[in-house]
Structures are given as structure tokens and as C-alpha cells.
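**Q** I have a structure here, written as C-alpha cells, and I will follow up with some questions on it.
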Amino acid sequence: MALMIQEDCTACDVCVLECPNDAISENDGVLYVIDADNCTECVGAHDEPQCQLVCPAECIVPDPNHQESPEALQEKYDRLHG
Ligand code: SF4
Ligand code: SF4
């Protein structure tokens with residue numbers, strides 16, 4: 001399952017460099033967004049979602065519209081880094 005950033009994001013920029021898949025970007029200067037096509041929930045790189053760990057606003061949550069199995073997330077990671 002990809003993660004998503006909720007509207008209480010303060011655009012602090014802390015999460016961007018932590019993402020192993022370059023999935024996080026600035027949207028409109030106010031909110032940051034996660035590209036679901038690139039988010040593997042950090043499967044393939046880390047044991048836990050790194051963006052969630054560092055976000056001071058605790059505004060990063062699972063995206064119910066992008067549910068994927070651990071196997072699918074690993075395949076996505078392999079595709080992105082293949
Ligand atoms: S969970 Fe991992 S892969 Fe997904 S956006 Fe956060 S840091 Fe990037
Ligand atoms: S770390 Fe959290 S508050 Fe900061 S830009 Fe990322 S999602 Fe927004």
C-alpha cells in the first residue's frame with residue numbers, strides 16, 4: 001500500500017531526502033505529495049516507512065486507494081531500481 005500525505009503537512013521538506021524511491025515532491029508550495037507509482041512503503045530498502053518516521057506533523061498515512069501486497073511492493077521496488 002502506498003502512503004499519502006494529509007493536509008496538515010507543513011511543507012517542512014524533511015521527508016523528501018529520506019525516500020529511497022524519490023516518491024515525494026512539493027505540490028503547490030503548501031502540501032507535499034507522494035507519487036503512489038513510486039512509493040513501496042519502503043519495502044525493498046527499509047523495515048519501516050522512513051517518511052513516517054521523520055515527519056514532525058505525523059501527517060503521512062496509508063492510502064486506501066493504493067492497496068498492494070508486500071510482494072507487489074517488492075516487485076515495484078525492483079522495477080524502479082532494476
Ligand atoms: S513510505 Fe518510503 S517509499 Fe513511500 S513515500 Fe515514504 S519514504 Fe518514500
Ligand atoms: S515531513 Fe511531513 S510535514 Fe514535512 S513535508 Fe514531509 S509530509 Fe509534510
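The values are calculated or read from the model by the stated rules, or taken from the named source; none is laboratory data. These numbers come from a predicted model, not from an experiment. No Cβ is skipped: glycine too gets one built from the backbone with ideal geometry, and neighbour counts run over all protein chains shown. Keep in mind that these areas ignore ligands, DNA and RNA; they rest on the heavy atoms of the full protein, side chains included. Shrake-Rupley method; radii C 1.70, N 1.55, O 1.52, S 1.80 Å.
**Q** Which of (1) open to solvent by 60 Å² or more (accessible area, probe 1.4 Å); (2) part of a loop (DSSP other than H, G, I, E, B) does ALA45 not meet, given it meets every other one?
**A** Among (1) open to solvent by 60 Å² or more (accessible area, probe 1.4 Å); (2) part of a loop (DSSP other than H, G, I, E, B), ALA45 violates only (1).
**Q** Please name all residue pairs, on different chains or six or more residues apart, with Cβ atoms under 6 Å, provided the first residue is in segment 40-62 and is touching a residue at least 12 places away in the same chain (Cβ under 8 Å) and the second residue is part of a loop (DSSP other than H, G, I, E, B) and open to solvent by 50 Å² or more (accessible area, probe 1.4 Å).
**A** Correct list of pairs: PRO49/GLU41; VAL54/VAL14; ALA57/ASP8; ALA57/THR10; CYS59/GLN6; CYS59/ASP8.
**Q** Okay, moving on. Looking at (1) at pLDDT 95 or above; (2) open to solvent by 30 Å² or more (accessible area, probe 1.4 Å); (3) in contact with a helix residue (DSSP H, G or I) (Cβ under 9 Å, 6 or more places away or on another chain), find the lone condition where ASP78 falls short.
**A** Condition (3) is where ASP78 drops out.
**Q** Ok, one more. Would you check which residues across segment 8-29 are near ligand 2 (Cβ under 10 Å from one of its atoms), in a loop (DSSP other than H, G, I, E, B) and among the hydrophobic types (A, V, I, L, M, F, W, C) and list them?
**A** Of everything in segment 8-29, those that are near ligand 2 (Cβ under 10 Å from one of its atoms), in a loop (DSSP other than H, G, I, E, B) and among the hydrophobic types (A, V, I, L, M, F, W, C) turn out to be CYS9, ALA11, CYS12, VAL14, CYS15, CYS19.
**Q** Just checking, does segment 17-39 include any residue being modelled with pLDDT of 95 or more, over 15 Å from ALA2 (Cβ atoms) and surrounded by 12 or more Cβ atoms within 10 Å (Cβ to Cβ)?
**A** Yes, because at least one residue in segment 17-39 is modelled with pLDDT of 95 or more, over 15 Å from ALA2 (Cβ atoms) and surrounded by 12 or more Cβ atoms within 10 Å (Cβ to Cβ).
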